[in-house]
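Down below is the structure, laid out as structure tokens.
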Amino acid sequence: MPSTCLWTAPTSCATVASSTSTPTPSWSMRSACGLTIGGRWSSVTRSSATPTPCTPSPIRFGRPDVEAPIDLAITGGTVVRGDGRRALDIGVRDGVIAILAEPGRLPSARTSVDASGLLIVPGIVDSHFHCRAPDHPEREDFDSGTAAAAAGGVTTIFEMPISDPACGTPDVLADRMALARSQARVDVGFFAAPGDLDAPLLQEMAAAGAVAFKVMMHGFPPGREASFKGLAMTEDRDVYRALELVRDTGRLLAVHTEDQGLIDLFEARERAAGHGGPRAHARSRPPLAEAIAVARLGAMNEEVGARVHLVHVSSARAVEYIRWFQARGQAMTAETTPAYLFGSEVDIDTYGPFVKINPPMRTREDQTALWQALRDGAVRTIASDHAPFRAVEKEAGWSDIWEVGSGIPGVEITGRLLWDEALRGNVDLEQVVRWTSEAPASLYGVERRKGYVREGADADLVLLDPTAETVLTPELFHSRSADAIRHVLGRRCRGEIVSVWSRGERVAAGGRVLADPGRGRVVTPDDTSGASSAPLGGTR
Ligand SMILES: [Zn+2]
């Protein structure tokens, strides 16, 4: 008889109709040592059509092995995953979740943490992040950016390729990875830019561990050509070629969908009319500019067949087009951000340049459409699009909105806003776990180690106190550009982050960052040989 028996939980994958209770995922199986066991995750009631859990690889439960002590035991908490919640003790060995056990059944541990009364969710996999390293350390670098991440419950970030030099060659990618290894406090994955559209170079960057490639369908902002070289593509012939080349690497192509031609037209009109206020920027980038880019991309990809992931989708109109391509079976997925889910054009009047982002904040109707798209799976991931500029830079935009950079430092507020929404009962916490951890991990092909609370995965965990409250104040934040976070200040969020764990190490607790720079690792896809392991219809 083997010393440890593992049981595999079967998975289900179906869509349920409105206002029904999702069939409870259950598991029951004869183990290798002849015992039949079973279990049940508590059921989740959803208010709208929602895909039921569909995990890409088996969930395994280990039997406690009294002979093998563990490093860390987290006991008494309730583990919340995309497919339900359950009282479980977590045993960690060598930074990995070694055992998920019924309460009280863990072997002895060197260190124990009492999580009674707490919720345990996977650390957020923030798949859209701008560290600003190496060219603007005064705004952020891997040290400060990952400190902010740890404090906010984010245990993995995926760094976008924008910075001078743009990350469009294997050499720059290697430099960027080395910098992260020396500075980062949590784990970091890297996007690459398709650069000069040279097939061997793209293959080399994929083999070196780039999690995905990134393209923007708008031009580079004035004066930032070097930072956007090889990823800002306004011409369809370049986008088409990028789709082909990235398809051949097996990686995902993340795309910023806004049409530069229309932006040029509308911006010229605003400037000609002498408009320089915050709303002028929003009017220069209407939903049409986003939707037409989705249409162009989708039409080209009908022929190419790459896996495309549309980032920071902001409008109902873009969602409509995305649904159309998805209904035709295209491998098109989408991301949105808290800026669009919690902010709207009303904030543009109040906070001006501090909420200048691309695409701009939209209407309440767009907000409602995005929440619905998340619930039914048309949009599958939420990322921060953490894009820091310092307050002194942003202030200049009050007099001339065209002169200020676009972006909000959002990594420290993403989890807090979404967990608050769940603890208020507006969405299920299970759904939030899928949108912020499980789905990005699966889509980007890192789900073997990241994004899931299951045996064999890294012990990346957030312990939340659902009965406490967090008021969003400047003292809470660690980003070097934290003084530019304005639109959520004073907000009272239900829930408090008690502690954050990265590979079994406590990296933040009680609002303090405990991890040292340089402990972070570079995250690469589970399968670096070519095709990603992420299933097209996998976990949402
Ligand atoms: Zn971005």
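The values are calculated or read from the model by the stated rules, or taken from the named source; none is laboratory data. Since the model is a prediction, treat every value here as computed from it, not as a measurement. Quick reminder, even Gly has a Cβ in these numbers, built from the backbone with ideal geometry, and neighbours come from all protein chains shown.
Flag set for His256, criterion: closer than 18 Å to Gly407 by Cα, of a type outside the set (Gly, Ala, Ser) and either out of contact with any Pro (no Cβ under 8 Å at 6 or more places or on another chain) or at pLDDT below 95 (or both). The residue list Pro440, Pro388, Pro409 contains one member that is in contact with an Asp or Glu (Cβ under 6 Å, 6 or more places away or on another chain), crowded, with 24+ Cβ neighbours inside 10 Å, within 28 Å of Ser481 (Cβ to Cβ) and touching a residue at least 60 places away in the same chain (Cβ under 8 Å), which is Pro388. Within the stretch 451-483, the only residue that satisfies the criterion of being surrounded by 24 or more Cβ atoms within 10 Å (Cβ to Cβ), farther than 24 Å from Ala115 by Cβ and in contact with a Phe, Trp or Tyr (Cβ under 9 Å, 6 or more places away or on another chain) is Ser481. Is it the case, given these coordinates, that Arg380 is out of contact with any strand residue (DSSP E or B) (no Cβ under 9 Å at 6 or more places or on another chain) and assigned by TED's automatic domain parsing to the domain that holds Pro338? The answer is no for Arg380.
Of all residues in the stretch 126-145, exactly one satisfies the criterion of being among the acidic types (Asp, Glu), assigned to a loop (DSSP other than H, G, I, E, B) and either in contact with a His (Cβ under 8 Å, 6 or more places away or on another chain) or within 14 Å of the ligand (Cβ to nearest atom) (or both), namely Glu140. Within the set Ala339, Ala373, the sole residue that is in a helix (DSSP H, G or I), in contact with a strand residue (DSSP E or B) (Cβ under 9 Å, 6 or more places away or on another chain), assigned by TED's automatic domain parsing to the domain that holds Ile157 and more than 16 Å from the ligand (Cβ to nearest atom) turns out to be Ala373. For the stretch 258-277, filtering for residues that are within 20 Å of Phe220 (Cα to Cα) and assigned to a helix (DSSP H, G or I) leaves 12. Any idea which of (1) touching a strand residue (DSSP E or B) at 6+ places or on another chain (Cβ under 6 Å); (2) within 16 Å of the ligand (Cβ to nearest atom); (3) β-branched (Val, Ile, Thr) is the one Val446 doesn't satisfy? Exception for Val446: condition (2).
Within the stretch 278-302, the residues that satisfy the criterion of being without any contact (Cβ under 8 Å) to a residue 40 or more places away in the chain, in a helix (DSSP H, G or I) and either out of contact with any Phe, Trp or Tyr (no Cβ under 6 Å at 6 or more places or on another chain) or surrounded by 20 or more Cβ atoms within 10 Å (Cβ to Cβ) (or both) are Arg283, Ser284, Leu288, Ala291, Ile292, Val294, Gly298, Ala299, Glu302. Screening Val313, Val308, Val319 for residues that are within 21 Å of Ser384 (Cα to Cα), in a loop (DSSP other than H, G, I, E, B) and either touching a Ser or Thr at 6+ places or on another chain (Cβ under 6 Å) or touching a residue at least 60 places away in the same chain (Cβ under 8 Å) (or both) leaves exactly one candidate, Val313. Residue count for the stretch 476-520 under the criterion of being β-branched (Val, Ile, Thr) and farther than 19 Å from Pro388 by Cβ: the result is 4. Could you look through the stretch 196-215, keep only residues that are touching a Ser or Thr at 6+ places or on another chain (Cβ under 9 Å) and crowded, with 23+ Cβ neighbours inside 10 Å, and pick out the one that is farthest from Cys131 (Cα to Cα)? Only one residue tops the list, namely Leu202.
Within the stretch 346-356, does at least one residue satisfy the condition of being more than 28 Å from Val125 (Cβ to Cβ), in a helix (DSSP H, G or I) and of a type in the set (Asp, Glu)? Checking the stretch 346-356: at least one residue is more than 28 Å from Val125 (Cβ to Cβ), in a helix (DSSP H, G or I) and of a type in the set (Asp, Glu).
Out of Val313, Val294, Val319, one residue alone is within 16 Å of the ligand (Cβ to nearest atom) and at pLDDT 95 or above. It is Val313. Every residue in the stretch 388-408 that is outside any loop (DSSP other than H, G, I, E, B) and either under 20 Å from Phe477 (Cα atoms) or among the acidic types (Asp, Glu) (or both), please. Within the stretch 388-408, Ala391, Val392, Glu393, Lys394, Glu395, Glu403, Ile408 qualify.
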